[in-house]
1. Given the structure, is residue 192 within 23 Å of residue 346 (Cβ to Cβ) and touching a helix residue (DSSP H, G or I) at 6+ places or on another chain (Cβ under 8 Å)?
2. Could you tell me which residue of segment 222-247 is nearest to the chain's Cα centre (by Cα), considering only residues that are surrounded by 22 or more Cβ atoms within 10 Å (Cβ to Cβ) and in a strand (DSSP E or B)?
3. Within the set of pairs 6 or more residues apart or between chains, which connect a residue that is assigned by TED's automatic domain parsing to the domain that holds residue 306 and in contact (Cβ under 8 Å) with a residue 40 or more places away in the chain inside segment 331-356 to a residue that is charged (D, E, K, R) and assigned to a loop (DSSP other than H, G, I, E, B) with Cβ atoms less than 8 Å apart?
4. Just to confirm my filter: which helices (runs of 4 or more DSSP H) fall fully inside segment 259-346 and include at least 3 residues that are modelled with pLDDT of 95 or more and within 21 Å of residue 239 (Cβ to Cβ)?
5. Report yes if residue 84 is in contact with a Ser or Thr (Cβ under 7 Å, 6 or more places away or on another chain), crowded, with 16+ Cβ neighbours inside 10 Å and modelled with pLDDT of 95 or more, otherwise no.
6. For segment 286-303, which residues satisfy the criterion of being farther than 15 Å from residue 274 by Cα and crowded, with 17+ Cβ neighbours inside 10 Å?
7. Being over 12 Å from the mean Cα position of the chain (by Cα) and among the charged types (D, E, K, R) is the filter; apply it to segment 179-204 and report the residue that is surrounded by the most Cβ atoms within 10 Å (Cβ to Cβ).
8. Could you please find all residues in segment 149-177 being closer than 25 Å to residue 44 by Cα and of a type outside the set (S, T, N, Q)?
Amino acid sequence: MTDENYMGVTTGTVATACSLAAFDAILDSQDIVCVNVETPKKTLDILIDDCRKLSANSACAVAHKNPYNDPDVTVNLDIVAHVELIDFSSEKVIITGGEGVGVITKPGLQIPVGEYAINPVPRKMIKKNLEDKVPEGKSVKVTISIPEGREIAKRTMNPKLGIVDGISILGTTGIARSMSSEAYKNSIVTQIDVAIASDLNDLVFVPGNIGEKLALKRLNVTKEQIIQTGNYVGFMFEEAKKRGIDEFTFFGHIGKLIKIAGGIFNTKHAVADGRREIMITHAAICGAEREVLERLYESATTDDMLDILNEIDIQTEVVNSIASAIKQRCMQRFELNLDVILVDMEGNFLNDNMERFI
């Protein structure tokens, strides 16, 4: 199976295709069913679902992202471009957003506050594909909208990043690769940029949504101070360090964070586990007998292991040892001074060697 089976196109490519189809309909007075879109990587043939000339100087076109092997919330969403040919304005191609395209409300992103969330590469693609066709003395105004975008945005990170009322038009190459770790990393690292641009202090890094909910429940922080790492803990810590963030709190369920104590900075289960082995090591350091270590080895979950340690009254000591190991690992690898807070699924603190927010 070739790489093509795992590829799709970005929202930026579909928006460009719709813009090009609508503009061609104005110039050629005919409906367009397929267009050739020039992307940063290569030229792609994109099918158009509907294209209509509305007047002598305006047209609209609709297309969607075809499904591909990726849990992409924008797959099958209609993307609409309304195009108008007008007297020359400030530039040949003017790009704006409409219903369902988010608006930037916080600094730190690639687009200024107050602008529609149509990222730089999609903007360049639209301009490059249209500008040579614009008649002398004219400009073309392109309005991108996504009818279901406002609702879909609730399932994305946009509200947390301060992008309101819709989704973003994204893409850096025009091609979407399935399960692209690079694309995911690019999306989550923007949390750090927004926090820095907003002059936020006392940041709290958590693995995901559960960690965020528990942090808001147990710590004296706001939602804006919380950064989700996903499974890419090492990547996010490295990016924080690059941006001059040397201290923060690392908060989350012990079953996830314990992996860091073993030097596992990608916490995806399929990449590495080691939770049992790490727990046994620290239990042994804290004086657990062989029988206890064998019971730990046979345990299915971290919570089961904690119950065993609680029976012999060394749970806090062991968890303190794990928290210290996490801190040491992060200092050695990234020169980061972390306050590590390990909790159970109810948000109860498991270690007591912590400083901030308590």
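The values are calculated or read from the model by the stated rules, or taken from the named source; none is laboratory data. Keep in mind that this is a model prediction, so the values were computed, not measured. Every residue, glycine among them, receives a Cβ derived from its backbone with ideal geometry; neighbour counts consider all protein chains shown.
1. Answer is no for this residue.
2. 227
3. 335/246; 336/246; 337/246; 339/355; 339/356
4. On the way: elements: 275-285, 290-297, 302-311, 315-334.
Once the helices (runs of 4 or more DSSP H) in segment 259-346 are filtered for at least 3 residues that are modelled with pLDDT of 95 or more and within 21 Å of residue 239 (Cβ to Cβ), what remains is 315-334.
5. Judged against the criteria, residue 84 is a match.
6. Those that are farther than 15 Å from residue 274 by Cα and crowded, with 17+ Cβ neighbours inside 10 Å: 286, 288, 292, 295.
7. Within segment 179-204, the match that is surrounded by the most Cβ atoms within 10 Å (Cβ to Cβ) is 193.
8. If the condition is that a residue be closer than 25 Å to residue 44 by Cα and of a type outside the set (S, T, N, Q), then 149, 167, 169, 170, 171, 174, 175, 176, 177 are the ones that fit.
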